[in-house]
Each structure stands twice: as structure tokens, then as C-alpha cells.
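> Could you have a look at this structure, given as C-alpha cells, before my questions?
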Amino acid sequence: MGLQSVLVSWSLPGARPLRPASTRIAPADTAVSATTAASVSTTHLDAIKPGTTATICGFSESVDPVLAQRLQDLGFNPGAEVSCLRVAPLGCPMMLRVGNADLCLRKQQARSIRITLDQR
Amino acid sequence: MLTGTLDVALIGCPNAGKSSLFNRLTGLSATTGNYPGVTVTRSRGRVRTTSGEVTLTDLPGTYSLAAASPDEQVVLDHIHGKLPGEGELGSSLVVMDATTLERSMILFAQVFALGRPTAVVLTMVDELRAGGGDVDPQRLSSALGVPVAEVVAHKGRGIEAVHDLLSRAADWPTAVVEPPVQDRAETRAWIDSVLETAGYRANRPNAVSQGIDRILLHPVWGVAVFFLVMFLFFQVIFTVAAPVQGWDRHWFRCPGRLGR
């Protein structure tokens, strides 16, 4: 396999939201049903430790909708499993495995994804 | 642009193999690489098929039709005919990397929903199968409702089938029922059902590539390897190449002397 790692570049300040206005992005927390939310702790993806796996449950409320859209395009969907392969010495970027692909995210981008850590 | 020629655009995720396929089909040599982001603008070429000439456009890779960078904007502008001297998009040939098929399906859904004649080329199926994964192109074709060709572009395998497809580019199916693209949860449900119908099984991660990563991306060993490579690089320039430069000079002087 060619190197599948992609550092999501977010270099376009004020990128126009080009998706149609009617496109709906799952609002934060919608994917967490009331029963599971009570029993497991949710945190943000930047808190994941190398070698562990977590399940994505949504996006933080303050997320830029264009970023949320792009992260979903890359496979960071609510309900998807994400595992942390390694983290650079200063904690950024982090190399993650999601949907059969290895991707690198900046810590700041990872912070906008909400996860539940798998209890294993 | 000549009338009577068909316009076909290659659309796909970064690193899906669009440029390799483009080069194989047109005989041109657009720059390719085994990492994403090599193609940043359009290239065009002609392909002769049994039913006439097809103008093929190689576009930069994009993960979806919501552009987030200037090279992705090129794709959108091309699709909507906003570039100078361009009409509307003709037919779209969606190039999908079989090892990341799930991710590629979002783009397919959005392209198919544009309502243009569409077909699919599946690349890197050899890698998928080598890693224990599988997909049935015939069943994928019936699930998507468009023709699917399987290629290994850099080795030229399956190119004939794509030639065949291109000769019928005007007759590729358009979406009768558009895939759901407005709501992400619905899109994902649609993708899951398509992949299940197509008998898709993801491959294991490549062990060799993982092993190399373990060393090269290690905080200590990775840095050590970097300095070793730089050291060898300078050694090659100053100890191996220096005598060769001497011979060089010799050979350039010889004809000079003969001329006298």
C-alpha cells in the first residue's frame, strides 16, 4: 500500500462552505443514545492514547462546519471506530486508523471530534 | 474544442490512481506518485476508441465535492463549467481505490447525483486481495447501477476494459434514483448496503508498510535514520562523485584537443 497518511491541510482561511445549504451535519451528541451516554465517559479525540481504540460519537459544538464535513469525508463518522497508532513527540500530529486508512490529524482538529473510550 | 468528441473527466480521491490511468489511456506522462496531492491542476489528453475520439481530463484528487483547498476547487469549477472556454461536464469516470472503498463511495454518491453519465474504475484491487480483502466488481456494478471496470493502472492490466467503457461514454447510465447525499447518516446507510451487496471485505493493513513505519516514525530511531541518510547523501556527493567529476572534465577536454 502506498503511504495512506494524509495530513489534513486546513490552509484555506475562510473557506467558503460549498456544500448545499440543505446539507445537514449530525449535531453534537445526536449519535449517543441516552442509555449509553449515562454509563460511559465521553471525551475528545486528542485525549486518545497510542494503542487504544475509541468510538466516535459526534463533533464538538464549536466545530467549523466545513471541518466537520471534511472529517466525515475522511471517515470520521459518528459510530466509526478509531484507533491511535502513534503520536509525535510533542503530541501533534497524531496518526490514527479509521475506516481501513491511516490518517494524521493535528491535535486541534482531533479536539473537535467527540469519542467514547472503549472499556477493554 | 472539437465538436463530436466526448468529454470525460477522471474524478476520484487523492492517490486513487487517476493520473496513472490517464497516462495509460492517453500515452501522455502526467506526473504520478505513490502519495496524495501530486496533481494540482487539470491535464487533458485524447483517447482513440472504437467509436471515435474522447477528450479525457485528469483532475486533482478530492475527498468530496465540498472543496477545502484550491486544488479541490479546480474539480468543482471543472464540474460546473466555470473554467474559461469550457462547457458543462460531459461524462464522469469515477476512480475508486479498492483498499479505501468505503471512503471513496461518498464522492461517487455526490458525482452520480450530478445527473451526468457515470462509470467507475476500481483500482488497487490486487492490493485489496493480497491483504485478504475482496470485492466483486460485477455485483458492485449492479448495486451502483453503473458499469465497473477493474484495473491495475501502473501495470497496465485491465486497460482494455476501460477503453471499451470510454467508447460508450455517452451512454453511461445517469442516476434514476439519486443516492442520498443531503443527509450523512442516510449516505452512510446507502454505502453500507452497497458494500454488502458487492461482497466487500476490507484488507488487513500492510505488514511491511507498518513495520517500516514502526522504525521510521519512531521518535528516536526515526531521527537516527534521518541523520544516517543525510550523512550517506553527503558522502555520495563528496567522496563517490568527486572522482567522477574529474573524468567528466577529461572527456570534455578530449574533443577540444582533437579540434586543434
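> For helix B:207-216, report the angle its Cα long axis makes with the longest principal axis of the Cα atoms of chain B; keep it between 0 and 90° and round to the nearest 10°.
50 degrees
> When the chain is fully extended, how far beyond the present Cα-Cα distance does B:ASP183 get from B:LEU217, taking 0.36 nm per residue of separation?
Details: separation 34, 0.36 × 34 = 12.24 nm, distance 3.77 nm.
The span from B:ASP183 to B:LEU217 would gain 8.5 nm if fully extended.
> If you don't mind, another one. Taking amide H positions as placed in the peptide plane 1.01 Å from N, state which residues far from B:ARG116 in sequence (5 or more) or on other chains have amide H under 5 Å from it.
Excluding prolines and chain starts, which carry no amide H, the hits are B:ALA175.
> Considering every residue in B:60-69, what mean count of other chain Cβ atoms within 10 Å of its Cβ is obtained? Write down the numbers at each step before the final one.
On the way: counts 0, 0, 1, 9, 7, 4, 12, 7, 14, 7.
The shielding value for this peptide is 6.
> Separate question: With a 10 Å radius around each residue's Cβ, average the other Cβ atoms per peptide and rank B:56-63, B:171-178, B:197-204, highest first.
Values: B:56-63: 24.2, B:171-178: 12.6, B:197-204: 16.9.
Highest mean packing first, the order is B:56-63, B:197-204, B:171-178.
> Cα axis of helix B:184-197 to longest principal axis of chain B: angle in degrees, 0 to 90, nearest 10?
90 degrees
> For B:LYS18, which lysines qualify as cross-link partners when the Cα separation must be under 29 Å and same-chain residues fewer than eight apart are set aside?
Straight-distance partners of B:LYS18: B:LYS82, B:LYS155.
> Mean-square fluctuation check for chain B, GNM, Cα pairs under 10 Å: which of B:GLN73, B:GLN210, B:GLN138 is largest?
The residue with the greatest mean-square fluctuation here is B:GLN210.
> Still on this structure, please answer the following. Summing Lys, Arg as +1 and Asp, Glu as -1, what charge do residues with Cβ under 13 Å from the Cβ of B:CYS13 carry, B:CYS13 excluded?
On the way: positive: A:ARG70, B:LYS18, B:ARG103; negative: A:ASP73, B:ASP71, B:GLU72, B:ASP97, B:GLU102.
Local charge sum for B:CYS13: -2.
> Using only DSSP helix segments of four residues or longer, with each worth -39500 (n - 2.57), what per-residue ellipticity at 222 nm results for chain B after dividing by its residue count and rounding to 500?
Numbers: 10 runs with 112 residues, N = 260.
Taken over chain B, the calculation gives -13000 deg cm²/dmol.
> To make sure I understand the rule: partners must be lysines, Cα under 28 Å from the Cα of A:LYS107, and not fewer than 8 residues away in the same chain. Which ones qualify?
A:LYS49
> Tell me, what HN-Hα J-couplings in whole Hz come from the Karplus equation 6.51 cos²θ - 1.76 cosθ + 1.60 at θ = phi - 60° for each residue of the stretch B:144-159, using x for Gly and Pro?
7, x, 9, x, 10, 10, 10, 9, 10, 4, 6, 9, x, 7, x, 5
> In addition: So for the stretch B:87-204: antiparallel DSSP bridges make up what percent, rounded to the nearest 5? Let's see the in-between values first.
On the way: 2 of 12 bridges.
Bridges in the stretch B:87-204 that DSSP calls antiparallel: roughly 15 percent.
> Can you tell me the 0 to 90 degree angle between the C-alpha axis of helix B:221-235 and the longest principal axis of chain B, rounded to 10?
Compared with the principal axis, the helix lies near 50 degrees.
> Pick from B:VAL162, B:VAL208, B:VAL152: which is most flexible by mean-square fluctuation in a GNM of chain B where alpha carbon atoms under 10 Å apart are linked?
B:VAL208
> Now for a different question. Could you work out which residue, out of B:PHE22, B:PHE234, B:PHE108, moves most in a Gaussian network model of chain B, that is, has the largest mean-square fluctuation with Cα springs under 10 Å?
Per the Cα network of chain B with a 10 Å cutoff, B:PHE234 tops the list.
> Show the residues, 5+ positions off or on another chain, whose built amide H is closer than 5 Å to the amide H of B:LEU89.
Amide H neighbours of B:LEU89: B:GLY81.
No lab work stands behind these numbers, since they all come straight from the coordinates. Computed from a predicted model, the values in this text were never measured in an experiment. Here the Cβ is made from the backbone with ideal geometry for all residues, glycine too, and neighbour counts use every protein chain on show.
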